[in-house]
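Since every read-out is calculated from the coordinates, none of them should be taken as a lab result. If you're wondering where the values come from, they're calculated on a predicted model, not measured in any experiment. Neighbour counts run over all protein chains shown; Cβ positions are idealised from the backbone, glycine included.
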Amino acid sequence: MDRRDFIASLLALPVTGTGIAGAVASVPPRQLVLVEMNGGNDGLNTVIPYSNSLYQQLRPTLAVSRDQVLQIDRQLGLHPSLKAIYKLFNSGELAIINGVGYRSPNRSHFRSIDIWDTASSSNEYLTQGWLGSVLPELSWPVQSSIDAIVLGRNPGPVTWEGSRSIVLERLKQLSSHHTGEGAVVPEESAGNQALIHLQRTNRIIHMARGELTAQLKKAPATQTPFPKSALGRRLEIVARMLAAGVAAPVYKVSVGSFDTHSNQLIRHARLLEELSSALQAFRSELLVQGRWNDVLVMTYSEFGRRVRENGSRGTDHGTAAPHLFLGGRVIGGLYGAPPDLEHLESGDLIHKVDFRSLYNTVATRWWHMPHRPFGRQYEPIDCLRS
């Protein structure tokens, strides 16, 4: 069974017991929100080496002009569409981890996101999502029957045998009340144990979604206006779940596609603005709730983009890229190393920080695991307050 078949089989097993009743109680002290920038975000036009002349030479039509860059220091600055989270950097709530990637990078969307999802090396093929090495080992101070809630595609990070996750690919599924669907096993499937199991599990999923919807109806409305974008709507729902006391340790949302092979300038600016404005609204709402110190936001993407622009005013699949931590316990600043445009490997950036260091940061610095589940060689990043 390959990883995609494995995920498909586990999607039938995301919720155990009788739904989410046990998940709505006092809230666990620290929760994680993953934001997947799917498609491969262009790191060089996100955290911009504006003072390096090679940046302009290699990107004659895509380089952001120096006067537009939101300058961080004398080397680096943020894309102008990131104005909202630039304020968070200046207030010390945003950590930028530069040069994140892995050895022997793979430029296939499907393979590279599998590597990120499973915390595997490029020559390993694993099926368990990386959070399966963390969540089962944690002792939560409150009882929860949910491990994760995924709004959007790709539940990969929270996929493992026994995972209790709710996956909502479309937001309208939250208001769907087909709780009786599949309640009677059809006569022709009576002898098919696999199908019977699937139908029973589907009923459990429907029940859990129904209970989750009921909890959201009881939750107070958000006091912060969220953008009407897809990411804005998803993060608003996460904020309402947090306000309702849904005690899932992990939430995952996605935005994109960042696969900007052509006409990148306008497309990428629009995507970054969607990301920035939604994250800013999410932060504002959690401050109102008094939860900003208890939630950590982490972005990730399967790879960065090539250093040199292509002939279609876009960029092709690359390697290393910056990623972000946001939260009230974040120690803001720049981490990792600035992009080195003088020393490339086959025209690509050479990674400086292995992505598993980010995962060890979450495990040991955020959730205080006593060991590094993804290998001692991957140093956690000291960007979080205890």
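If R0 equals 25 Å, the separation of the Cβ atoms of His371 and Glu345 corresponds to a calculated FRET efficiency of about 0.20.
If the label point is 7 Å along Cα→Cβ of Leu287, which residues in the range 76-99 have backbone nitrogen under 16 Å from it? Label zone hits: 83-95. Annotation for the range 281-307 versus the range 355-386: alpha-carbon center distance of 17 Å. Distant-in-sequence amide contacts of Gln31, defined by a placed amide H-H separation under 5 Å and a gap of 5 or more residues or a different chain, comprise Val295, Leu296.
Listed cross-link partners Lys228/Lys352; Lys217/Lys252; Lys83/Lys217 are compared with a 27 Å cut-off, the Cα-Cα value being larger for Lys228/Lys352; Lys83/Lys217.
Across the range 100-109, coupling constants 3J(HN,Hα) worked out from phi with the 6.51/-1.76/1.60 Karplus curve, θ = phi - 60°, read 7, x, 7, 5, 6, x, 10, 9, 7, 3 Hz, and Gly and Pro carry x.
3J(HN,Hα) along the range 271-285: 5, 5, 5, 4, 4, 5, 5, 5, 5, 5, 5, 4, 4, 4, 5 Hz, from the Karplus curve 6.51 cos²θ - 1.76 cosθ + 1.60 with θ = phi - 60°, whole Hz, x for Gly and Pro. Of the GluC sites (Glu not before Pro) in the range 293-366, the ones in a loop by DSSP (not H, G, I, E or B) with at most 10 other beta carbons within 10 Å are Glu342.
Between the beta carbons of Ser51 and Trp140, assuming R0 = 56 Å, the FRET efficiency works out to 0.75 to the nearest 0.05. Across the range 56-71, computed HN-Hα scalar couplings (Karplus, 6.51 cos²θ - 1.76 cosθ + 1.60, θ = phi - 60°) run 5, 5, 7, 9, x, 9, 9, 4, 7, 5, 4, 6, 8, 5, 7, 6 Hz from first to last residue, x flagging Gly and Pro.
Taking neighbour Cβ counts within 10 Å as the exposure measure, how do Lys217, Lys252, Lys87 sort from fewest upward? Before the final figure, lay out the partial values.
Values: Lys217 10, Lys252 26, Lys87 15.
Placing the least packed residue first, the sequence is Lys217, Lys87, Lys252.
Pairwise Cα distances in the range 233-386 exceed 21 Å in 55 percent of cases.
Here the gap between Lys218 and Asn123, fully extended at 0.36 nm per residue and compared with their Cα-Cα distance, gives a gain of 29.4 nm. Full extension of the segment from Asn310 to Ile266, taken as 0.36 nm per residue of separation minus the current Cα-Cα distance, would add 14.3 nm.
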